[in-house]
Amino acid sequence: MTPPLLVARDALVFFGINAQGMLKQDELFRFMESTGPQWWLPVSGMTRERFWTSRRHSLMARTSTVRILEGGCRPSEKVTVEHEITHGRRARGHRAPEYGFIDELRVRRDRDGLVVADLVSHTTWIDFGDGVPKVAAAPPEGLDCPLEELPPPAPMPTAGEGLAEGLFRWTPRECDFTNQHVSFPRYVERAENALADAGLALPARPVWQGWYRADFKAGEPTTVATSRGDDGALVFAFSGPDDLRPRVWVRLTDSA
């Protein structure tokens with residue numbers, strides 16, 4: 001079943017565009033916040049935040065992909081945001097399936113119809129009803145929408161040739177309001193810093209992919225290890241001081 005298309009009219013802002021007229025990846029998440037809430041009221045009868053609180057469930061990202069596709073954008077330029085939300089069940093190998101969403105968002109420039117950037121996010125329902133957050137065994141009740149079979153996210157990358165390593169602490173501004181976790185745009189920002197520290201250039205049309213095994217919160221000391229994978233992609237592994245393996249992976253390629 002094709003999910004309904006959510007549409008919003010918006011305009012680009014000065015601080016959301018870089019020197020090449022490309023959208024900064026933060027902007028796609030800002031746009032998603034303008035369209036996503038449209039979905040909840042007709043489907044659940046209440047706002048997203050009220051639904052999460054009343055059902056004692058929340059959503060956590062599994063993977064996110066942001067592609068910056070076109071430059072030449074200008075402040076105040078009119079754009080159309082197109083957003084599709086699919087709710088369903090996702091297989092997890094030999095483990096019980098999980099339930100969540102796929103959000104697909106496109107930013108289309110009105111003057112020429114070009115898609116200048118897009119975003120795909122896979123999320124999972126987390127049940128915190130007994131006080132211990134865990135992957136939900138079923139979706140929360142009260143959603144009047146189809147339950148579809150969702151494709152699995154892309155497999156996590158593996159580290160390759162080591163290029164650089166840095167240590168820092170997360171700040172409160174890098175954590176989101178709902179669950180206090182570090183948000184995906186901030187992992188990308190830290191990866192861009194690590195890229196500069198390694199003396200490497202950002203691709204002309206960057207594609208950022210993120211995978212989350214566990215969360216980070218403000219104040220946690222974190223190591224980011226930069227490496228180049230066998231396929232040439234740059235890989236950034238974020239680990240805490242006692243982690244045996246990275247909690248978050250970020251992969252950078254070029255869509256050109």
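Just need the relative contact order of the chain here, percent rounded to a whole number, with Cα pairs under 8 Å and 6+ apart. If you can, show how the numbers build up before the last one.
Values: 558 pairs, mean separation 48.0, N = 256.
Across the chain, relative contact order equals 19 percent.
For segment 78-162, what class follows from the C-alpha gyration tensor (a ≥ b ≥ c being the square roots of its eigenvalues): rounded when a/c is under 1.5, otherwise prolate if a/b is larger than b/c, else oblate? Provide the component values of the computation, followed by the final result.
On the way: a/c = 2.47, a/b = 1.42, b/c = 1.74.
Here segment 78-162 falls in the oblate category.
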Using a Cα-Cα cut-off of under 20 Å, which lysines could be cross-linked to K24, ignoring same-chain neighbours fewer than 8 residues away? K78
Show me the ranking of peptides 199-206, 84-91 by mean Cβ neighbours inside 10 Å, starting with the highest. 84-91, 199-206
Using alpha carbon centers only, segment 80-97 is separated from segment 7-43 by a whole-angstrom value of 21 Å
Spherically averaged projected area in nm², based on the convex hull that wraps the Cα atoms of segment 113-256: 11.8 nm²
How big is the charge dipole of segment 64-188 about its Cα centre, in debye rounded to the nearest 20, if each Lys and Arg gets +1 on its Cβ and each Asp and Glu gets -1 on its Cβ? 320 debye
For T223, what is the net charge nearby, where nearby means another residue's Cβ is under 9 Å from its Cβ and Lys, Arg count +1, Asp, Glu -1? -2
For the chain, what size does the Cα cloud have along each of its three principal axes, sorted from largest down, in whole Å? 51, 50, 33
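222 nm [θ] for the chain, helices only, -39500 (n - 2.57) per DSSP H run of 4+, per residue, to 500?
Working: 4 runs with 41 residues, N = 256.
Calculated mean residue ellipticity at 222 nm is -4500 deg cm²/dmol.
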How big is segment 5-149 in terms of Cα radius of gyration and Dmax, in angstroms? 17.0, 51
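Taken together, the values in this text are just the output of simple stated rules run on the coordinates, not laboratory data. Worth saying up front: this structure is predicted, and the values here are computed from it rather than measured. Glycine gets a Cβ as well: all are built from the backbone with ideal geometry, and neighbour counts include every protein chain shown.
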